[in-house]
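Reviewing the structure listed below.
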Amino acid sequence: MNRFPEDFLWGGAVAAHQVEGGWNADGKGVSIADVMTAGGNGIAREITDGVLDDKYYPNHEAIDFYHLYKEDIQLFKELGLKVLRTSINWTRIFPNGDDKEPNEKGLQFYDDLFDELLANGIEPVITLSHFEIPFHLYKAYGGFKSKELIDFFVRYAQTVMTRYKNKIKYWMTFNEINNQADGQHDLHTWTNSAILFDRHESQAKKEEIIYQAAINELIASAKVVELGHEINPEFQIGCMMAYVPVYPFSSMPEDQMAALKVMNRRFFYSDVHVRGEIPNYIVKEWSQKGYHIDISQEEKKVLKEGTVDYIGFSYYMSGAVTTLDEEGGPIEDFPHAKWLSNPHVKASDWGWQIDPVGLRYMLNILDQRYQLPLFIVENGFGAYDAVENNQIHDQYRIDYLRAHIAEMKKAVLEDGVNLIGYTPWGIIDIVSFGSGEMEKRYGMIYVDKNNDGQGTLKRVKKDSFHWYQGVIRSNGDNI
Ligand code: BG6
C-alpha cells in the first residue's frame, strides 16, 4: 500500500471554550476558561476569582461559534473535512458540575450541532474535558484533588454518551492530561485539574498533589471507558496526550538518560491509560520522595478494566535537554540537567520549535510502546497573519503543515505505523489557550477579530484552506 487508507479521518480540530462563546447562554455555568483573562506573547493569562466586571475574558465571546456554527459548518464542508474534533463544554450540561439534573438547553445545543455536522457529511469527534471544568468544582471541592470529582465527571460523561450514543463514535476523556508534568503548574494544573496552588506551597507538595489529581482523573477516565462500552459497544474511547519528543542535546550517555527520564514523566499518563497499571518507575519515584498517593485496590482494578481503545495526541514541537554546563532552564528532579533550544530546528514567533521529523519519530515510538491505533488530533502553526485585499497568503502555515504531513506519510507508508486520522489544530482561528490571544492564529479560515476583542467576526478563507482542500481530496497524495 502506498496510499493512506480510504477511511483515513482527515479533519480539523477546535475546543468548545476556544470557539463557542455564549459563556452564559441558555443556562450555561461558569467554567475555568471563563475566568482566564487575555495575556499576550510571553505574557501569562490571569486567573481571577470568578468573573469580574472590569476584566476582559476572551473566551466569553470567542468566535461566537455558538451562534454562527451553521455558516462555519458550510465552510468545513467546502474544505472537505470528514471529521471535526471539538469538545462538549461541561458547564453547558452541568452548570455547576455537581448538579443532580442536566441542563436540557445545553444538551439540545449539542444535538443540534452534531445533527448539523452529520447532515453535512462531517463526523464529530468529541473530547469530554478540554479545559472546561466547572468553576464551582474548583471553589467547592478544590478541583480534581478531590475524589468527589470522579463521580461528577462520570455522571456528566454518562449523560452525554447516552444522549449522543448514535451520533458520536470517537471519544476522548481528558485533553493533554500529561501536560501537568511539565512544571508550568499554574496554567496546566488549573486547566487540566482546576487546581490553583498557594504561592507558598513547596514544589514537592505541589507535585504530590498533581500526582493525586492525575490518579483521580485516570480513574475517572477508566470508569468512563468501561461505561461507554456498555452504552454502545461500537464506541472508540481514547486518551488525549501532548507529545513533545525530548532529545538528548549531546551524545553524552548522561544526556540520553536525562531525556529518557523527562519523557517518562509524560509517558506515565499514557502508560496508565493503555496498560491499566501504574508503572514501576512512578511507584519508585513516589516511594523515594515519600509521596502518599491515595489509590485503593478497587480503584486499581478500575484502571485495569478501563483501558483505552486508541491514543489521541497533539504534536507541535520537540525539545532538548542536556547535563552539559550550558545555558538553559532547570528541570525539576534532574538538578544537573537543563532544557535548552535545539540549534538544528527553527522556532515559531512564540518560540515553539518546529520539527516535522519529530512527528515521524514520535509516531514510531508510540507504535512500538503501545501497539494501539494512533490519532493525531492536534498539529498546527500559530502565526501572525496579514490581510491584504481580503486575502491571507499564509504560505508559512502551508509549509509547516506540508512538512508534517510528509513525515506522517513516511510513518504510515514506510514504517507501518497504525494511524487512523489527522485533525490539524484550530481549523478556524480561535482564542489561543496559552496566551488568550486571537492573533496567534492557527486557522485555515480567518476570523476578523483582534486581541482586544474588536472585529466583525467575518470569516475569510486563507491560502491554506485551498491547499488543505486539495490534500483531503487526493487522500494525501497531493501535498
Ligand atoms: C494544546 C491545546 O495545548 O495546544 C489547545 O489542546 C491549544 O487547546 C493548542 O490551543 C495550542 O496552544 P496555544 O497556546 O497556542 O493556543
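Applying the selection to the range 1-28, what residues are touching a strand residue (DSSP E or B) at 6+ places or on another chain (Cβ under 8 Å) and either among the basic types (Lys, Arg) or open to solvent by less than 10 Å² (accessible area, probe 1.4 Å) (or both)?
Phe8, Trp10, Gly11, Gly12, Ala13, Val14, Ala15, Ala16, Val19
Kindly indicate which of Ile88, Ile63, Ile32 is in contact with a Lys or Arg (Cβ under 9 Å, 6 or more places away or on another chain) and either crowded, with 24+ Cβ neighbours inside 10 Å or over 24 Å from Gly453 (Cα atoms) (or both). Quick ask: steps written out before the conclusion?
Values: Ile88 fails: in contact with a Lys or Arg (Cβ under 9 Å, 6 or more places away or on another chain); Ile32 fails: in contact with a Lys or Arg (Cβ under 9 Å, 6 or more places away or on another chain).
Criteria check complete, one pass: Ile63.
When the residues of the range 166-219 are narrowed to those that are in a loop (DSSP other than H, G, I, E, B) and buried (at least 21 other Cβ atoms within 10 Å of the Cβ), which ends up farthest from the ligand (Cβ to nearest atom)?
First, pick out the residues of the range 166-219 that are in a loop (DSSP other than H, G, I, E, B): 166-169, 175-176, 183-184, 194-202.
Filter again for buried (at least 21 other Cβ atoms within 10 Å of the Cβ), leaving 168, 175-176, 194-195.
Values: Ile168: 19, Asn175: 5, Glu176: 5, Ala194: 16, Ile195: 17 Å.
It comes out as Ile168.
What number of residues within the range 411-423 satisfy the criterion of being touching a residue at least 60 places away in the same chain (Cβ under 8 Å) and either out of contact with any strand residue (DSSP E or B) (no Cβ under 9 Å at 6 or more places or on another chain) or within 11 Å of the ligand (Cβ to nearest atom) (or both)?
Looking only at that region, the number is 1.
Filter the range 293-314 down to residues that are out of contact with any strand residue (DSSP E or B) (no Cβ under 6 Å at 6 or more places or on another chain) and in a loop (DSSP other than H, G, I, E, B) and give me whichever is most open to solvent (accessible area, probe 1.4 Å). Can you show your working first?
So the first thing to find is which residues in the range 293-314 are out of contact with any strand residue (DSSP E or B) (no Cβ under 6 Å at 6 or more places or on another chain), and the list is 293-307.
Checking the rest, the ones that are also in a loop (DSSP other than H, G, I, E, B) come to 293-296, 306-307.
Working: Ile293: 19, Asp294: 77, Ile295: 30, Ser296: 47, Gly306: 5, Thr307: 43 Å².
My answer is Asp294.
Taking the stated definitions as given, is Thr162 in a helix (DSSP H, G or I) and open to solvent by 10 Å² or more (accessible area, probe 1.4 Å)?
Details: in a helix (DSSP H, G or I): yes; open to solvent by 10 Å² or more (accessible area, probe 1.4 Å): yes.
Yes, satisfied.
Out of everything in the range 225-247 that is part of a strand (DSSP E or B) and open to solvent by less than 40 Å² (accessible area, probe 1.4 Å), what residue ends up being farthest from Tyr422 (Cα to Cα)?
First, the residues of the range 225-247 that are part of a strand (DSSP E or B): 236-242, 246-247.
With the extra rule that they be open to solvent by less than 40 Å² (accessible area, probe 1.4 Å), the set shrinks to 237-242, 246.
Values: Ile237: 16, Gly238: 15, Cys239: 15, Met240: 13, Met241: 14, Ala242: 15, Val246: 22 Å.
Filtering the range 225-247 for residues that are part of a strand (DSSP E or B) and open to solvent by less than 40 Å² (accessible area, probe 1.4 Å), the one farthest from Tyr422 (Cα to Cα) comes out as Val246.
Which ones in the range 8-43 are more than 16 Å from the ligand (Cβ to nearest atom) and without any contact (Cβ under 8 Å) to a residue 60 or more places away in the chain? Explain how you work it out, then say what you get.
If we filter the range 8-43 for residues that are more than 16 Å from the ligand (Cβ to nearest atom), which is where we start, we get 8-10, 22-30, 35.
If the condition is that a residue be more than 16 Å from the ligand (Cβ to nearest atom) and without any contact (Cβ under 8 Å) to a residue 60 or more places away in the chain, then Gly22, Trp23, Asn24, Ala25 are the ones that fit.
Among the candidates Glu407, Glu439, single out the residue that is of a type outside the set (Gly, Ala, Ser), assigned to a loop (DSSP other than H, G, I, E, B) and modelled with pLDDT of 95 or more. Reasoning before the result, please.
Numbers: Glu407 fails: assigned to a loop (DSSP other than H, G, I, E, B).
The conditions single out Glu439.
So which of Phe375, Phe433, Phe381 ends up being within 13 Å of the ligand (Cβ to nearest atom), under 25 Å from Tyr247 (Cα atoms) and either of a type in the set (A, V, I, L, M, F, W, C) or more than 22 Å from the chain's Cα centre (by Cα) (or both)? Give the derivation first.
Values: Phe375 fails: within 13 Å of the ligand (Cβ to nearest atom); Phe433 fails: under 25 Å from Tyr247 (Cα atoms).
Selected residue: Phe381, the only one of Phe375, Phe433, Phe381 that is within 13 Å of the ligand (Cβ to nearest atom), under 25 Å from Tyr247 (Cα atoms) and either of a type in the set (A, V, I, L, M, F, W, C) or more than 22 Å from the chain's Cα centre (by Cα) (or both).
Taking the stated definitions as given, is Phe109 open to solvent by 10 Å² or more (accessible area, probe 1.4 Å), in a helix (DSSP H, G or I), more than 16 Å from the ligand (Cβ to nearest atom) and closer than 24 Å to Glu298 by Cβ? Walk me through how you get there before you give the answer.
Details: open to solvent by 10 Å² or more (accessible area, probe 1.4 Å): yes; in a helix (DSSP H, G or I): yes; more than 16 Å from the ligand (Cβ to nearest atom): yes; closer than 24 Å to Glu298 by Cβ: no.
The answer is no for Phe109.
The values are calculated or read from the model by the stated rules, or taken from the named source; none is laboratory data. From a predicted model like this one, the values you see are computed outputs, not experimental measurements. For neighbour counting, all protein chains shown are included, and Cβ atoms are generated from backbone atoms with ideal geometry for every residue, glycine included. Heavy atoms of the whole protein, side chains included, go into the accessibility calculation; ligands, DNA and RNA do not. Shrake-Rupley method; radii C 1.70, N 1.55, O 1.52, S 1.80 Å.
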